[in-house]
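All of the numbers you see were taken from the coordinates with simple rules; none came from a lab. All of these numbers come straight from a predicted model, not from anything done at the bench. FYI the Cβ positions are ideal-geometry reconstructions off the backbone, even for glycines, and counts take in every protein chain you see.
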Amino acid sequence: MNKTIKEDVSIVLSGEAGQGIQTIEGLLTFILKREGYYVFATKEYMSRIRGGSNSTEIRVSSKPVKSYVDKIDILIPLTKSSVEHLGNRVTEDTLIIADNDSLKLENKNLFNVPILSIAKEIGNEIYANIVAVGVILGLFKTNLKTIEEYLQERFGDKGEKIVSDNIKAASEGYKLGKDFSESGEIKIEISANESLKDDLLISGTDAVSLGALAGNCDSIFAYPMTPGSGVLVDLANFSKNFDILVEQAEDEIAAINMAIGGWYAGARSMVTTSDGGFALMEEGLSLAGMIESPLVIHLAQRPAPATGLPTRTAQEGLNLVINAGHGEFPRLVFAPGSLEQAFYLTQKAFNIADKYQIPVFILTDQFFVDSYYNVKKLDLSNIENKKYFVETAEDYKRYDLSKAKNGVSPRGIPNYGNGLVVVDSDEHDEEGHITEDLDIRIKMVEKRLKKFETLKEDFISPEFYGNDNYKYLVICWGSNYNVVKEALENIDNKDLAMLHFSQVYPIPENAVEFLEKAEKIIDVENNATGQFAKLIRAETGIKIDSKILKFNGMPFSVEELTAKIREELQ
Amino acid sequence: MIERKNMFSLENEKELDIAWCPGCGNFGILNILKKALEEMEEITPNNFVLVSGIGQAAKIPHYFKNNAFNGLHGRTLPVAFAIKATNPDLYVVAESGDGDMYGEGGNHFIHNMRRNINITNIVHDNRVYGLTKGQASPTSQQGMVTPVQVNGVILNPFNPIAVAIANGATFVARAFVGDMQNTKEIIQKAIRHKGYALIDLFQPCVTFNKINTYAWFNEHTYKLGEDYDPSDKMQALQMAFQEDKIPLGIIYEEKGKPTFEEQLTVYKQNKDPLFKRSIDVNKLEVFINSMR
């Protein structure tokens, strides 16, 4: 059997938790990127530490690839149940490379590679993964030197023997892969471009964390919760090189109150969590609204209610963050669609929160935080950070109405100037002291809500993609940016365009124009009720009848969305 | 020379509408706290932050001159912790009632003493809920009849002193508002203690607690003698379980244990509070470019 794969190959590794799939994913993506390919990787996994069935998809292409596909060109199963786990994604076209001496699979597209015995010969079964990496790299006929250099970087601190054994394991696998390629049995024809070597390879988690760093975030308080914990771990790692205070709180309620305490003292604090953790933080959000504290919240969504599917993806948290917290107060919600947006919007979040003294959300999801791909550059030259707190005079009043500009009074912090800074969760007077004066109450409510109006003028416009004279407009938000874009590229219909919202609340005012122009609007979301479509209706009055909704815990695949959008065009 | 007398008093500057009942123990605590602070040269209203929660005790920051954060019910300690952690130059006191600290905020009470953050935690302990009108508090004694516990309190009373000693608190004291001089000194020592300091401060609720009155506290407490050694942990634990006659004073003190903020890498080289710092963009650029 001979098969040639051109331009865009999808490689899937599948096995149990604890078998080291993540290690393989990390090695393959970095080495292939350094060889000059565009890579994309994403994982789906079960909420367990050992056993079960997990998989990682790696797309390699000569063109940018940023979304999940159903097709599997090459499958590397590490367990017998892997093929079954992947269901109908394994087709007649899927080539399976497996150690069939141990797995004993029956499939006509099977290439038996004695991965385990090679590893044992080198000295340890644990090298099996590296042999598998070698096989794949052999198919690409990558430069052996790139592999050796990367393994040296990755395992160098574990000693020379470990490095040389790894290199040996990779080389043995490499030979086998190269043989398949040269015999013509499996041929991969994807041109490499050396300039891609300098691309960054970061995940959604990294993009948010680096954005926080760029936004001068100096403290993070969080209680671990999948999939939001990645940002906590990232910032803990960054704290080895940068001034960041990292504290694991005793619960989410503590975390958000700590972050508000940090801002009160002039720090730039954030929390990171998932839907359930944020549900616990709601009273804290309301506190931020009342005392007019800046706050940055990263919320990586997963399926709910309650604990839902802990390691899967969803966009079910929109209603939650928009309506969270008792009472009426302004907030802003960003939902980045690309890694670049995640970086720049997180950076911006700290400044917007500070400027308007409001909570700002970064709403991502499991698929987004766990995916990574090539990013050209994160440009820091235009990044501006401004700390908006002021040095106080002796007569300073925290909620001075005479100095309030569009509802924002100058924010003092303790021990910076001669004034005193008083804040209160109860209704308060201009000084911040508790009051039950009902006239002041009205003034303070109006002051807080006025910020909403100003905020509407300072919005991030939705991103339009397609032909200006469209009839059909696909709207999406957050992590569906890339998959919708790729689906539209596949469909290639001049009547079809996309509008992606990276600011989902307040709805940017210029969105109405785009929406009204469409003959038909098609809403794409990862939830069962079309939360964003309902929000559009509530905020603009525009009703959206066509909805493509997915809520089984998996992201949209390019093929699936392409087909579903095509149906809507009939 | 700065005039320190009345430095923390607000009543000369504005009319105070105090929400406490006549005869409430909170008045005494407010006066003692102001006096204690006046006598501490290192403290001014500017470098001092009082953090409170919700309840009658938690209204205290509104009645004197200070930086104040009157937050949510039960969440006093997380806020106080973060203020101190992000700006160690500040003197931070977390003050609220027994319901706020031991009930709603119980989890934070347990974990902040483990952090040994250098703050002072004053708990007004009147063994009853005042603001919500007379329900049992975590420290109410068994059998006490209330509008909710109509057949008397069933739950075993919370023992903050024993919990704190067992849980690694480095300064654990008990005071009674009726003993002004002793209480003032305990507050001063607590603030000067390096690390987390708890003062469980007895105060009568003249409206809702007819059991634990001034007379009752006078009768059931005594002052620890000069010869008492607070560094003896096991002896301190024994003191924590004395119930008929309750000892007042510093029950337990461990000196020299590193504070939370002393162990943070952010302050190893640079002692500046976080608000004075900015990200080094060039360094960040190099760091980002290493992710290839």
Cα centroid separation - segment A:431-483 against segment A:245-304, whole Å:
20
Pairs A:LYS355/A:LYS534; A:LYS6/A:LYS161; A:LYS158/A:LYS178; A:LYS387/B:LYS268: which exceed 31 Å Cα-Cα?
A:LYS6/A:LYS161
So what's the net charge close to A:LYS175: Lys and Arg +1, Asp and Glu -1, counting the other residues with Cβ under 15 Å from its Cβ?
-3
Shielding score for A:419-428, defined as the mean number of other chain Cβ atoms within 10 Å
6
Counting sequence-distant residues (5 or more places) and residues on other chains, those with an amide H built under 5 Å from that of B:GLY152 are B:THR146
Could you order peptides A:78-90, B:188-200, B:66-78 by the average number of other Cβ atoms within 10 Å of their residues, highest first?
B:66-78, B:188-200, A:78-90
Within a 10 angstrom radius of each residue's Cβ in B:276-287, how many Cβ atoms of other chains show up on average? Whole number is fine.
6
Burial-style ranking of B:161-169, B:243-251, A:218-226, average other-beta-carbon count within 10 Å with highest first, yields A:218-226, B:161-169, B:243-251
For A:ASN467, net neighbour charge (Lys/Arg +1, Asp/Glu -1) across residues whose Cβ lies under 9 Å away:
-1
Those aspartates and glutamates that a straight Cα-Cα span of less than 18 Å connects to A:LYS120, excepting residues fewer than 8 apart in one chain:
A:ASP99, A:ASP101, A:ASP165, A:GLU172
Using Cα positions and a limit of under 25 Å, work out the lysines in reach of B:LYS5, with same-chain residues fewer than 8 apart set aside.
A:LYS397, B:LYS14, B:LYS34, B:LYS35, B:LYS59, B:LYS65, B:LYS184, B:LYS189
So, relative contact order of chain A in percent, Cα under 8 Å, 6 or more apart, is 12
Could you work out how far the C-alpha centroid of segment B:95-144 sits from that of segment B:1-77, in angstrom?
18
Please give the peptides A:55-64, B:34-43 ranked by average Cβ packing (other Cβ atoms within 10 Å per residue), highest first, as a rough proxy for protection.
A:55-64, B:34-43
Give the Cα extents of the protein assembly as shown along the principal axes, in whole Å, largest first.
97, 65, 59
Contact order relative to length of segment A:280-347, as percent, for alpha carbon pairs under 8 angstrom and 6 or more apart:
30
Residue by residue through segment B:226-234, what is 3J(HN,Hα) from phi via Karplus (6.51 cos²θ - 1.76 cosθ + 1.60, θ = phi - 60°)? Round to whole Hz and write x for glycine and proline.
4, 7, 6, 9, x, 7, 8, 5, 5
Which loop-located GluC sites (Glu not before Pro) does segment A:101-181 contain, where loop means any DSSP state but H, G, I, E or B and the Cβ has at most 10 other Cβ atoms within 10 Å?
A:GLU106
Grab the alpha carbons of segment A:201-375, take their convex hull, and tell me the volume per residue in Å³.
93
Relative contact order of segment A:201-375 (C-alpha contacts under 8 Å, at least 6 apart) in percent is 31
Take the alpha carbon atoms of segment B:157-206, find their center, do the same for segment A:106-166, and report the distance between the two centers in whole angstrom.
62
Summed side-chain charge close to A:PRO227 - residues other than A:PRO227 whose Cβ falls under 14 Å, Lys, Arg +1, Asp, Glu -1:
-4
Inter-chain shielding metric for B:54-60, i.e. average beta-carbon neighbours from other chains within 10 angstrom, reads 1
